[in-house]
Amino acid sequence: MNDSPSRTLGLSLAIIASALLFSILPLMQVAWVLLIQARFQSVIGVLPQTSSSPETDALATGGDLGGISMGGIVLQAVIALIFLVIAVMAWRGRPPQIRWIMLVAVLGLTAIGLWQSISTATAPVDIQQGVDSGAAITRQLACGTIAMQTLIPLYVIWYMNRAPARAFYRGQSGR
């Protein structure tokens, strides 16, 4: 008879929510940035010839997403993949120390994410770069992500320190 406790619904929700926040969403961002950059690079630099005008070079072609370096994209993808491995191991419950590794990873990634979101939300508007509606949208999204980056980690930390989660990672029933 197997005496080890099963993974509770609350623990499953904590692991899934943290994997979504720290792995799936960042990997989706990386995929979108790479897709958009690939589309920018595939723009043809010549306007086609029509019956009334000869073939001419386009005024501007391609594009680049300003402020996003390839090194930053690779770093985000690597961190997301490492956390995904941690989440899978936490889902399995082995090794028992994975509970602490998951807690430290959640705290570290939360600190980094909150720092980035707060700096984005409080950054002054640079008039030299022009005025656009994207800055206001970015600030609003940063405020929403601050809430999400606070509530999900609080739930994960709270639930992983409860007795059912500790028993699951110890592999012992509390009977």
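For the stretch 112-123, the criterion of a residue being more than 17 Å from the chain's Cα centre (by Cα) and open to solvent by 90 Å² or more (accessible area, probe 1.4 Å) is satisfied by at least one position.
Within the stretch 90-111, the residues that satisfy the criterion of being open to solvent by less than 80 Å² (accessible area, probe 1.4 Å) and touching a residue at least 24 places away in the same chain (Cβ under 8 Å) are 90, 93, 96, 98, 99, 102, 103, 105, 106, 109, 110. It is to be established whether one or more residues within the stretch 16-25 are at pLDDT below 80 and either aliphatic (A, V, I, L, M) or within 28 Å of residue 148 (Cβ to Cβ) (or both). For the stretch 16-25, residues at pLDDT below 80 and either aliphatic (A, V, I, L, M) or within 28 Å of residue 148 (Cβ to Cβ) (or both): absent.
Does residue 87 meet the test of being more than 18 Å from residue 14 (Cβ to Cβ), at pLDDT 95 or above and open to solvent by less than 50 Å² (accessible area, probe 1.4 Å)?
For residue 87, the condition - more than 18 Å from residue 14 (Cβ to Cβ), at pLDDT 95 or above and open to solvent by less than 50 Å² (accessible area, probe 1.4 Å) - is not met.
The set of residues in the stretch 1-37 being open to solvent by 60 Å² or more (accessible area, probe 1.4 Å), over 13 Å from the mean Cα position of the chain (by Cα) and not acidic (Asp, Glu) consists of 1, 2, 6, 7, 9, 13, 16, 34, 35, 36. Contact annotation: residue pairs with Cβ atoms under 9 Å, 6 or more positions apart or on different chains, pairing a residue in the stretch 17-31 that is within 20 Å of residue 90 (Cα to Cα) with a partner that is at pLDDT below 95 and among the hydrophobic types (A, V, I, L, M, F, W, C), are 21/148.
The values are calculated or read from the model by the stated rules, or taken from the named source; none is laboratory data. As the structure is a prediction and not an experimental result, all values here were calculated from the model. Methodologically, a virtual Cβ is constructed for each residue, glycine included, from the backbone with ideal geometry; neighbour enumeration extends over all protein chains shown. Heads up: the accessible areas ignore ligands, DNA and RNA and are worked out on the full protein's heavy atoms, side chains in. Shrake-Rupley method; radii C 1.70, N 1.55, O 1.52, S 1.80 Å.
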